[in-house]
Structure formats: structure tokens, C-alpha cells
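Shown next, in C-alpha cells, is the structure this report addresses.
The values are calculated or read from the model by the stated rules, or taken from the named source; none is laboratory data. Just so we're clear, the structure is a prediction, and the values are computed from it rather than from any experiment. Reconstructed Cβ throughout: ideal geometry from the backbone, glycine too, with neighbour counts over all protein chains shown.
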Amino acid sequence: MAETPLVEIRNLYAEMVTFDGVAKVLNGVDLTINKGDLLGLVGETGCGKSVTAMTIPRLVPQPPARYPQGQVIFRGEDMLTKSADAMRELRAQHIGVVFQDPMTGLNPVFTIEQQMVDAILARQNAISSTGFVRGWMPSNRQRRLAAHDKAIQLLRRVGIPEAEKRVHAYPHEFSGGMRQRVLIALAISGQPDLLIADEPTTALDVSVQAQILRLIAQLVREINLTVLLITHNIGVVAQLCNRIAVMYAGNVVETGPTRDILRSPKHPYTQGLMRAIPNDDSGRGTLQGVSGNVPSLLDPPPGCRFHTRCPHVTDRCKQRIPPMHSIRDGHEVACVLYENGGGAA
Ligand SMILES: Nc1ncnc2c1ncn2[C@@H]1O[C@H](COP(=O)(O)OP(=O)(O)O)[C@@H](O)[C@H]1O
Ligand SMILES: [Mg+2]
């Protein structure tokens, strides 16, 4: 039998309390991440990819967020029931996060070395169970030296040449791609089980994007990392990920092995996304063949939220959220077209 998944998000609902009302941003999300997965989470902007992913390390601020229902099981425990302190330790030990903009993640007034050493030490301090041998504690100087060595090792691991020298540079002396490498180095410094990369290449030059994505794939192979990669570009996941999950307006509507989804997308929304893959490297595609926009989450349409844009809409679609139907071998789709194992569309 398959191993227990690393992450299991079950029927997760999230709301955002805003001045305009309560936005129903997650509408019963189900998502499984297996150990060793490089899972691509795709969907148009505003579909709830970041809220879903950042709920695992509990990095979505509350308020405005609240979670009326659901479970987020990571390493066998429900993250939604954990205290802030427990979460801090859990993040330090088990979860690395890389964000979109590599400039905001680094402080311009300190060298890479100062920032990496501080981050490595802060992470160690957050883990109360580091467990030094009783009666022996390294001095602060010894700990800083060890952290310095570790910083250089990490920079080498993420492919920064002449790491011993370059560690003393300031962020502005690094290119955007090199800064993102530094942030990836920091994210993996605690040997996390899970790396969440939220549109990690969107702010980078096209020529550098592929290098960063290749680095992430390499880390999955070399250090047993499991990655949740968020991107609005399904072309990126096509090249990199073993599995894909497609989100639309607060639901995962289709999930499965990359090859199956590319060859035979089932959900009308996924089919629209596939037609939108740009055939050059320009990045963002528009949804050709699917008219309209993501609906307002303040007053979302009932039933399947895609029904307002779906070419196959029926009355049933307006009545309830379609449950996931299994197509085969882990390929699942939430759409009434497949209700009786059917193969329409
Ligand atoms: N801090 C917040 N306050 C209010 N609304 C938010 C906040 N964060 C996200 N949202 C809303 O939640 C929805 C999902 O957002 P997000 O997960 O960031 O989408 P994606 O990452 O797919 O682009 C959007 O409608 C967004 O406006
Ligand atoms: Mg996002």
C-alpha cells in the first residue's frame, strides 16, 4: 500500500473578513501531497492557491482569515488545532517557504552571510528540542562559526559559485536569480520535509526562470524534498511536476499525474487552461475558449463555481458542489460530466 501522505487537506473552508463583506475563498478544498511529490498547484489569480498552501504552515493572518471547517493534516497532525508556538517550531523544523519576490525576502543593509547566519541561528533557537548533549553547550562564537560553514554549504548546494567569497556580498550585488537561490538555500536550511514555493519565478527574467525551476527539481531528487509549487503557468508544471492540482474559485477541481492531465484534461476549466498554455516563453496565458472571469468570492455562484463560465453547464451544476470522481490511477475530477464514471467532454 502507498505511504501515508505528507499533507492531506480535507474539505477545507476559509473565509476572509473584509470591509465589503465575508469572502468565501476556500470552498471545501481537498488536496493530498505524497512524500517525494513535486506537485504543481495551478489556476487563475485569485483562485485560492496561496491561501490553500500557506494554511499548511499557518502563514495566513487571522484575521482576516478564518477557517469554519476542514482539516489540514501534516505529518499526522491537524495544523488548524495547533498553538502559535507549536506552529513556529513546526515551521522551523519541517516547512520551508519561498515567495515570489526575491528582493523583499532579503534585507538590503546586511550581507548575505549576516542574514543567513542569523536565520540559521534563529531557526535553531525556535526548535526547543535541538538536544545538545547534556552538560555541553557550544559558545555563541562556536555556534556562529558552525552557522557560517552551514551557510556556505547551503549556497554551494543551490549552485552559487565561489560561495566562500560571495557569502560576504550584499543582496544588491546579486542578480534576481541568485537572490532567489539564496532564499531557496534559507528555505531548505532546516532540512524541511515540505517546501512551498509560491510563484517563485514570476518576478525573474524568463531566461533565469528555468534555472530556478531546475534547481527545485534537483533538490527534490537530492535531498528528499517534497514540493508544493504554485504557479499560474501550466506550462511550467508540465515540464517539472509529477502531479498537478487545478484550482478554480476555492476548489480543487481536478488532480492527477501530470501526464494524464496533459494528455486528457477532464474538467472543462482544465481544458480551458490547457488551451491557454503559451507556446512561446512569454509566461502568462489568457483563457481562450473560456469567456468571463473568476466570480466574486463575496457572493459566489452556488453549486459548481465554474458553472457561470462552463460550456457544458446543466441545471444540476447550479445545485451542489460536485464531489470528486475517480477517472483512474489517482486522476480525479469534480464535475457532473463524470458522475457515473462517464467520459463525456
Ligand atoms: N489577507 C487577505 N485579505 C482579504 N482577502 C484576501 C487576503 N488574502 C487573500 N484574499 C482573497 O482570497 C482569495 C484567494 O487569494 P489567493 O489565495 O491569494 O489566490 P491565488 O494565490 O490563487 O492568486 C482572493 O479573492 C483574495 O482576494
Ligand atoms: Mg497567490
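Table for the structure above
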{"quantity": "Residue within region 93-110 that is away from ligand 1 (no atom under 16 Å from the Cβ), in a strand (DSSP E or B) and surrounded by fewer than 21 Cβ atoms within 10 Å (Cβ to Cβ) present", "calculated": "no"}
{"quantity": "Any hit, region 220-237, residues being closer than 29 Å to Gly272 by Cα and either of a type in the set (Asp, Glu) or without any contact (Cβ under 8 Å) to a residue 60 or more places away in the chain (or both)", "calculated": "yes"}
{"quantity": "Answer from Leu213, Leu228, Leu155 - the residue that is at pLDDT 95 or above, under 14 Å from the mean Cα position of the chain (by Cα) and buried (at least 19 other Cβ atoms within 10 Å of the Cβ)", "calculated": "Leu228"}
{"quantity": "Boolean, Asp198 is modelled with pLDDT of 90 or more, within 16 Å of ligand 2 (Cβ to nearest atom) and under 24 Å from the mean Cα position of the chain (by Cα)", "calculated": "yes"}
{"quantity": "Any hit, region 234-244, residues being closer than 30 Å to Asp299 by Cα, outside any loop (DSSP other than H, G, I, E, B) and modelled with pLDDT under 95", "calculated": "yes"}
{"quantity": "Residue in region 166-198 that is farthest from ligand 1 (Cβ to nearest atom), counting only those that are under 23 Å from Asn34 (Cα atoms) and out of contact with any helix residue (DSSP H, G or I) (no Cβ under 8 Å at 6 or more places or on another chain)", "calculated": "Gln191"}
{"quantity": "Extreme residue, surrounded by the fewest Cβ atoms within 10 Å (Cβ to Cβ), among residues of region 45-74 that are more than 8 Å from ligand 1 (Cβ to nearest atom) and basic (Lys, Arg)", "calculated": "Arg66"}
{"quantity": "Residue under evaluation Arg243, criteria (1) buried (at least 19 other Cβ atoms within 10 Å of the Cβ); (2) within 16 Å of ligand 2 (Cβ to nearest atom), criterion not met", "calculated": "(2)"}
{"quantity": "Hey, Val42 within 15 Å of ligand 1 (Cβ to nearest atom), under 15 Å from Leu26 (Cβ atoms) and of a type outside the set (Ser, Thr, Tyr) or not", "calculated": "no"}
{"quantity": "Pairs where the first residue, in region 125-143, is modelled with pLDDT under 60 and the second is of a type in the set (D, E, K, R) and not in a loop (DSSP other than H, G, I, E, B), C-beta under 6 Å, 6+ apart", "calculated": "none"}
{"quantity": "Qualifying helices (runs of 4 or more DSSP H) (wholly inside region 132-224; at least 1 residues being more than 20 Å from Gly105 (Cα to Cα))", "calculated": "140-157, 163-166, 206-222"}
